[in-house]
Amino acid sequence: MTRQEAFDKAARHLLSTGKKSADGISCTYSGSGCAIRPFIPDGEDPKKWDGYGSIMDIIISNPKRAPDFIKADIGFFQDLQNTHDNCNDGRDFLPKFIDRMRYLATKYDLNTEVLDT
């Protein structure tokens, strides 16, 4: 999976939910799902990912759980996860998420058309 494909997939997912996935204390992979949720392998229960922390924490504690393409470009996927995790809950989430995604696109030289739909 290319960075552009991952960027577009995460953006589509979070634009469709329009909200932060959190349990009141921390971000979650379950529920509406964070920016990494679309990359959880089919058949895998996202609730089993909750409680591990970041995608890096998952790779360290259970390397077989994360897909190889994430492990191969962990810096990008950490940045992608942070576009979600570092935004506030509530109605400010979506505009801030889009701003963070535009910044990420600039950093990695990605197209932002998906954010304009």
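The values are calculated or read from the model by the stated rules, or taken from the named source; none is laboratory data. Here the structure is a predicted model, which means the values were calculated and not measured. Here the Cβ positions follow ideal geometry from the backbone for every residue, glycine too, while neighbour counts run over all protein chains shown.
The residue that is farthest from I25 (Cα to Cα), counting only those in the stretch 42-66 that are under 14 Å from the mean Cα position of the chain (by Cα) and not acidic (D, E), is A66. Every test in (1) at pLDDT 90 or above; (2) in contact with a strand residue (DSSP E or B) (Cβ under 8 Å, 6 or more places away or on another chain); (3) of a type in the set (V, I, T) is passed by T28 save one, and that test is (1). The set of residues from the stretch 9-25 being surrounded by fewer than 19 Cβ atoms within 10 Å (Cβ to Cβ) and either in contact with a Ser or Thr (Cβ under 6 Å, 6 or more places away or on another chain) or modelled with pLDDT under 90 (or both) comprises T17, G18, K19, A22, D23, G24, I25. Every condition in (1) of a type outside the set (D, E); (2) closer than 22 Å to D8 by Cβ; (3) at pLDDT below 90 is met by G90 except one, and the failing one is (2). Being touching a His at 6+ places or on another chain (Cβ under 6 Å) and either closer than 20 Å to L115 by Cβ or not hydroxyl-bearing (S, T, Y) (or both) holds for only one residue in A35, A105, and it is A35.
Among the residues here, N88 qualifies as surrounded by fewer than 12 Cβ atoms within 10 Å (Cβ to Cβ) and more than 22 Å from E113 (Cβ to Cβ). Residue check, D89 against (1) closer than 24 Å to T2 by Cα; (2) in contact with a Lys or Arg (Cβ under 6 Å, 6 or more places away or on another chain), all met but one. Which one? Every listed condition holds for D89 apart from (1). Could you tell me whether the stretch 10-29 includes any residue that is of a type in the set (V, I, T), under 19 Å from N86 (Cα atoms) and more than 12 Å from the chain's Cα centre (by Cα)? So far as the stretch 10-29 goes, yes, one or more of its residues are of a type in the set (V, I, T), under 19 Å from N86 (Cα atoms) and more than 12 Å from the chain's Cα centre (by Cα).
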